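To start, the structure itself, in structure tokens.
The values are calculated or read from the model by the stated rules, or taken from the named source; none is laboratory data. Computed from a predicted model, the values in this text were never measured in an experiment. Every residue, glycine among them, receives a Cβ derived from its backbone with ideal geometry; neighbour counts consider all protein chains shown.
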Ligand SMILES: O=C(O)CCC(=O)C(=O)O
């Protein structure tokens with residue numbers, strides 16, 4: 001991975017696993033990509049089954065794979081959509097900066113602060129376990145909270161600003177959980193793209 005332009009997240013214990021570029025793209029570019037993705041994406045709301053009851057996931061999603069592969073997590077199967085020109089452009093920019101390889105991307109739309117993502121790690125067996133995940137944020141800044149699976153530390157938080165890139169490097173998913181908590185005072189939308197390497 002290229003380290004010259006990175007700003008390491010100052011969080012004790014994850015210095016070698018989390019890398020944060022606050023200004024991966026400018027505020028203007030961030031608005032430009034946000035508007036295109038908001039309008040061109042076929043957003044849908046997944047449902048997960050909880051104690052036999054179907055519950056809507058509190059955000060909208062869209063899964064895109066260069067290999068036309070679906071992606072399953074928490075019992076949800078995400079059928080594959082193709083890459084648009086914009087997704088391809090962002091994918092290339094991220095691969096060029098990080099020198100990492102990806103073949104798919106999950107888009108999340110948090111319509112406002114009521115939308116969220118619960119504690120989890122991206123450790124599905126269909127993902128390359130040694131590969132990194134690159135997470136691009138557009139729109140409203142949101143807190144990204146992490147805590148170690150072995151409960152050795154309290155949770156820590158990073159504000160993911162518009163235009164920022166966060167890279168989660170192995171073994172982060174083995175050892176840590178992350179989430180985007182609900183924030184009632186946030187009224188703007190956020191789009192997050194996590195570029196992944198599916199096996
Ligand atoms: O929205 C984010 O920044 C986190 C996304 C995430 O954790 C995921 O897609 O698995």
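Listed by first and then second residue, the pairs linking a residue in the range 164-180 that is near the ligand (Cβ under 10 Å from one of its atoms) to a residue that is in a helix (DSSP H, G or I) and modelled with pLDDT under 95, with Cβ atoms under 7 Å apart and 6 or more places separating them unless they lie on different chains, form an empty list. The residue that is farthest from the chain's Cα centre (by Cα), among those in the range 133-160 that are outside any strand (DSSP E or B) and more than 13 Å from the ligand (Cβ to nearest atom), is 152.
The set of residues from the range 162-196 being modelled with pLDDT of 95 or more, within 22 Å of residue 13 (Cα to Cα) and in a loop (DSSP other than H, G, I, E, B) comprises 164, 181. List the number of the failed condition for residue 23; all other conditions in (1) over 16 Å from the mean Cα position of the chain (by Cα); (2) surrounded by 14 or more Cβ atoms within 10 Å (Cβ to Cβ); (3) without any contact (Cβ under 8 Å) to a residue 24 or more places away in the chain hold. The single condition residue 23 does not satisfy is (3). Residues considered: 183, 196, 190. Of these, the only one that is within 13 Å of the ligand (Cβ to nearest atom), in contact (Cβ under 8 Å) with a residue 24 or more places away in the chain and surrounded by fewer than 22 Cβ atoms within 10 Å (Cβ to Cβ) is 183. When residue 123 is tested against the conditions (1) more than 12 Å from the ligand (Cβ to nearest atom); (2) modelled with pLDDT under 95, the lone failure is (1). Quick one: would you say residue 154 is within 18 Å of residue 11 (Cα to Cα) and either surrounded by 15 or more Cβ atoms within 10 Å (Cβ to Cβ) or at pLDDT 95 or above (or both)? When the stated conditions are applied, residue 154 does not pass them. Residue 60 meets the stated requirement of being over 22 Å from residue 125 (Cβ atoms) and crowded, with 17+ Cβ neighbours inside 10 Å. Evaluating residue 113 against the criteria (1) modelled with pLDDT of 95 or more; (2) assigned to a loop (DSSP other than H, G, I, E, B); (3) touching a strand residue (DSSP E or B) at 6+ places or on another chain (Cβ under 6 Å) leaves one unmet condition, (3).
For the range 62-78, the criterion of being assigned to a strand (DSSP E or B), over 23 Å from residue 164 (Cα atoms), more than 15 Å from the ligand (Cβ to nearest atom) and at pLDDT below 95 is met by at least one residue.
For beta carbons closer than 7 Å, sequence separation of 6+ or different chains, a first residue in the range 133-147 that is closer than 13 Å to residue 166 by Cβ and a second that is near the ligand (Cβ under 8 Å from one of its atoms) and modelled with pLDDT under 95, the qualifying pairs are 133/122.
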